[in-house]
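Taking it in order: structure first as structure tokens, then the write-up.
The values are calculated or read from the model by the stated rules, or taken from the named source; none is laboratory data. Keep in mind that what you see is a predicted model, and the values were worked out from it rather than measured. Cβ coordinates were reconstructed from backbone atoms using ideal geometry, including for glycine residues, and neighbour counts include every protein chain displayed. Surface areas here come from the heavy atoms of the whole protein model, side chains and all, with no ligands, DNA or RNA. Shrake-Rupley method; radii C 1.70, N 1.55, O 1.52, S 1.80 Å.
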Amino acid sequence: MEVRSCRSCGKLYNYLGRTTPVCPACMKALEEKFQVVKEYIRDNPGANIQQVADTTEVSVKTIKQWVREERLAFAEGSGVGLECESCGANILTGRFCANC
């Protein structure tokens, strides 16, 4: 087992090969924030990322990461501001547009 320092709180923890380099306590807190953001987007489908970030107190960077991971999707016309990593077209979720 590998021991690592949590990127969020700095505490040592046993790294189990997860993709997020944070301790279980920080992972739980992050998942709770995700649920709050997900519910807000569901209740406010026209909201853009900045509105969601301001209301839920979750950073735009974190929300964009969840969108890229396809854990979240915004409604058409919400002005998400993500670009396809291949061609630069506007996308609502993921890393690539349908054409790429």
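Observations on the model:
- Solvent-accessible surface of the chain, averaged per residue with a 1.4 angstrom probe and all protein chains in place: 66 square angstrom.
- Residues whose placed amide H lies under 5 Å from that of Leu82, excluding near-sequence neighbours: Ile91
- Shape index of the range 1-59: Rg/Rh, with Rg the Cα radius of gyration and Rh the Kirkwood radius from the inverse mean 1/r over Cα pairs, equals 1.12.
- Cross-link reach list, lysines versus Lys33, counting only Cα pairs under 18 Å and skipping chain neighbours closer than eight places: Lys61, Lys64
- Under 5 Å between amide hydrogens, built in the peptide plane, is the criterion, and for Tyr15 it picks out Glu2, Val3, Arg4 among residues at least 5 positions away or on other chains.
- Across the range 38-55, rounded Karplus estimates of 3J(HN,Hα) from the backbone phi angles (6.51 cos²θ - 1.76 cosθ + 1.60, θ = phi - 60°) give 4, 5, 4, 5, 5, 7, 10, x, x, 5, 9, 4, 5, 4, 4, 4, 5, 6 Hz, Gly and Pro being marked x.
- Its Cα gyration tensor gives the chain an equivalent ellipsoid, and the semi-axes of that ellipsoid, as √(5λ) in whole Å with the largest first, are 28, 18, 10.
- Listed peptides 2-12, 44-54 by packing density, highest first (mean Cβ within 10 Å): 44-54, 2-12
- Solvent-accessible area of the chain (1.4 angstrom probe, protein heavy atoms only): carbon and sulfur portion equals 47 percent.
- For the chain, with +1 on Lys and Arg beta carbons and -1 on Asp and Glu, the positive-most of Val58, Ile41, Ala73 along the dipole: Val58
- Short-range pairs are left out: with C-alpha atoms under 8 Å and at least six residues apart, the relative contact order of the chain is 16 percent.
- Computed magnitude of the charge dipole of the chain (debye, nearest 20; Cβ of K, R +1, Cβ of D, E -1): 420 debye
- Gain on full extension, evaluated as 0.36 nm per residue between Gln35 and Ala98 minus their Cα-Cα distance, stands at 20.0 nm.
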